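Notes for the one structure printed next.
Bear in mind that the values in this text are calculations on the coordinates, not laboratory data. Everything quoted here is computed from the prediction, not taken from an experiment. We place every Cβ from the backbone using ideal geometry, glycine too, and count neighbours over all the protein chains shown.
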Amino acid sequence: MSVALVVLAAGQGTRMNSDLPKVLHGLAGAPLVAHALRAGASLSPERVIVVTGHGADAVEAAVAALDPDAVCVRQTEQLGTGHAVLQARSALDGFAGDVVVLYGDTPFVRPETLERMAQTRAAADLVVLGFEAVDPGRYGRLVTDGADLLRIVEAKDASPDELNIRLCNSGLMMADAATLMDLLAGLSPDNAAGEYYLTDAPHAAREAGRTARVVICDEAETLGINTRAELAAAEAAFQARARAEALETGVTLQDPATTYFAYDTVIGRDAVIGPQVVFGPGVTVESDAEIRAFCHLEGAHVSRGAKVGPYARLRPGAELSEFTHVGNFVEIKNATLAEGAKVNHLSYIGDALVGAATNIGAGTITCNYDGVFKHRTEIGARVFVGSNTMLVAPVNIGDEAMTASGSVITENVPEGALAVARARQSNKPGLARRFMDKLRTLKAARKGTS
Ligand code: UD1
Ligand code: CA
C-alpha cells in the first residue's frame, strides 16, 4: 500500500504569541514539524506534502532542509482543516494509495500507532486516530456505534450530551487519497466556526456508503502544542521519557533530571553521563565513554573509553576516537582527535586533525578563520603542542614534533622538529625593583600636592 503524508502546518498558532510560525518552535532539538515528518517517515511515504500558510517562507525553508523531497503547498487563507487537506490535491496528481493526515504541531505520534491505523484500513475506508481525554475540553468528539465511527462533532457544535463523550479526535486521519479528496471537495462551512472541517469527512464517508473506524492511542501521543506552556510541558514529557529510556538501556545518568537529550541522541551501554549535560541534535556517545558535568554536545561522535569534560563543548563535526580526553573549557568543532589524543585545558580546536597520542597544551588555539575563509590545521601523531600555541591555519605539524609554549606557528613544522616562534627572553638585573621604587615615589609626591 502506497502512502502519501499530508502535514498541516498553515495555522498561525496565535496562542504561541510569537513571530515565529508555531511549527518552527523547537522541541528536543528540532522544530515541531520535524517530529511530525519523522513519525510519518516510518510509513515510508511515497510523497510528503506539507500545507503551509502563516510564515510559509520560513516553514518551507525548514521543510526543504529536513526533507528535500517534500513538496509544500500553500493555503493562502486558513479556511479550516478540511480546506487545508484539499490544498494537497494537485500535489497528489497521479498518486494512487492512502493519504495520512498529520498535524505539524502534534509531535509525539508513535510509528506503532500509524502502523495500527494502516492495519485498520483493511477493515474500513476511513480511519481516525482517537484517544480518551482526561479533559475533553475543545477537542472534537467521536460519535461511535460499536466499532463504527458515525461522525465527529466539534466542541463548538456539540450538544450537551455529545460534550460528555470522552473519546476525542486527535486530528490524524487515513483514507484512500482520491476518496478523501472527493469527500473534502463536497464539504460546506455551515458550522459554528464557519470553517471547512476535516472532521466532517467521516460522516460524509458514511453518507456515501463507506465505513469509518477509530484507532485509539494514549493521550500523551496526540498532545498538540498551542501555547508556550504546552511546549514546555511537551519538552518535559520528552525529557522524562528519554531519561527513563537511557537508564533502562544501561546508561548511567548521575543526576537524570539534569541530563537533556535531543530527539536523536544515541548513548551506548555503560556510558556515564555526569550532571548538567546537554545533548543537542546529532550526538552519538559509545559504550564506556564518560561525559562529565556541565558539557554541551551537538553533532558529535564520542567513541568508547573517551573522557569529556567537565565543562567541555563539542560542536558539529567533533569526532573523538577511542580513549581521547577533552577537558575543561575546551571547544572542538569539525575536528577529529585520533586515538588517545588529549586536549585537556582551555583550548579551541576547529577544522583540524589531531593525530594519535598527541598532546595539545593548555590554551592552544587553531586560528582557523581569517575573517573570510576557514583553513585546516593538521597535526601528526605523538606531537607535543606547547601551552598557549597559536596554530595559524592552514598549517601542518609533522609526527613527533613539538612547539615551544607561547609560539605563534605560521609555517609547517617538519616531523620530529621543535618549533620556537616567540621573542627570546632577556633579563635586566634589578630593573623591576628600581622601576617600582620610581612609581611609588611618584605616587607619594602626588599625594603631597593634592
Ligand atoms: C482540530 C480538530 C479537532 C481535534 C483537534 C486535535 C477540526 C475541525 N478539528 O481542532 O476535532 O480534536 O484538532 O488537536 O479539524 N490548520 C491549517 N489550515 C487551516 C486550519 C488548521 O493548516 O485552515 C492546521 C493548524 O496549523 C494545525 C492543525 O491544522 O496544525 C489543526 O488546526 P487547529 O485550528 O489547531 O484545530 P483545532 O481547533 O485544534
Ligand atoms: Ca489545535
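Semi-axes of the equivalent ellipsoid for the stretch 150-192, please: Cα gyration tensor eigenvalues, times 5, square-rooted, ordered largest first, whole Å.
Whole-Å semi-axes of the equivalent ellipsoid: 23, 14, 7.
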Charged-residue dipole, Cβ positions (Lys, Arg, Asp, Glu), the chain about Cα centre, Debye nearest 20: 3380
Beta bridge orientation in the chain: antiparallel %, DSSP, nearest 5: 20
Separation between Cα centres of the stretch 106-183 and the stretch 279-355, rounded to whole Å: 47
Interatomic Cα distance distribution for the chain, bins of 10 angstrom, percent: 4, 17, 21, 17, 14, 11, 8, 4, 2, 1, 0
Charge dipole (debye, nearest 20) of the stretch 78-205; +1 at Cβ of Lys and Arg, -1 at Cβ of Asp and Glu: 220
Straight-distance crosslink candidates among aspartates and glutamates, where the alpha carbon sits under 17 Å from residue 22 and sequence neighbours closer than 8 are dropped: 57, 60, 77, 105, 230, 235
The chain, relative contact order in percent, only Cα pairs under 8 angstrom and at least six apart counted: 8
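Using helices alone, what [θ] at 222 nm do you get for the chain, with -39,500 (n - 2.57) per DSSP H run of 4 or more residues, divided over all residues and rounded to the nearest 500?
-6500 deg cm²/dmol
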Translational diffusion of the stretch 1-89, µm² s⁻¹ [Kirkwood Rh, Cα pairs; Stokes-Einstein; 25 °C; 0.890 mPa s]: 187
Top positive-direction residue, dipole computed over the chain with Cβ charges, set 201, 293, 90: 293
Extreme residue, positive dipole direction of the chain, given options 11, 31, 253 (C-beta unit charges): 253
Whichever lysines have a C-alpha closer than 22 Å to that of residue 307, once near sequence neighbours (fewer than 8 apart) are set aside: 333, 342
The chain: most fluctuating residue of 134, 395, 326 per GNM, C-alpha cutoff 10 Å: 134
Residue with peak Gaussian network fluctuation, the chain [Cα springs, cutoff 10 Å], from 356, 192, 205: 192
The stretch 315-400 shape via C-alpha gyration tensor axes, a/c threshold 1.5: rounded
For residue 181, net neighbour charge (Lys/Arg +1, Asp/Glu -1) across residues whose Cβ lies under 11 Å away: -2
Cα-centred dipole magnitude for the stretch 228-419, charges only on beta-carbon of K, R (+1) and D, E (-1), debye, nearest 20: 360
Rounded to 5, percent antiparallel among DSSP beta bridges of the stretch 3-222: 45
Net charge contributed by nearby residues that have their C-beta within less than 10 Å of residue 309 (K/R +1, D/E -1): +2
Cα gyration tensor shape of the stretch 3-222, rounded if a/c is under 1.5, else prolate or oblate by comparing a/b with b/c: rounded
Farthest positive-ward along the chain dipole, Cα basis, beta-carbon charges - from 114, 431, 53: 431
Separation of the residue 417 and residue 156 label points, Cα + 7 Å toward Cβ, nm: 7.6
Reduced Cα scattering model of the stretch 83-152, Debye log10 I(q)/I(0), q = 0.14, 0.15, 0.18, 0.20 Å⁻¹: -0.59, -0.68, -0.98, -1.18
Karplus 3J(HN,Hα) series, Hz, for the stretch 343-355 with 6.51 cos²θ - 1.76 cosθ + 1.60 (x for Gly, Pro): 10, 9, 8, 6, 10, 10, 10, x, 6, 9, 10, 10, x
Calculated FRET value between residue 372 and residue 263, using beta carbons and R₀ = 30 Å, to 0.05: 0.30
Reachable lysines, given that their alpha-carbon falls under 27 Å from the alpha-carbon of residue 447 and they are not under 8 places away in the same chain: 438
Net charge over other residues, Cβ less than 11 angstrom from the Cβ of residue 87 (K, R count +1; D, E count -1): +1
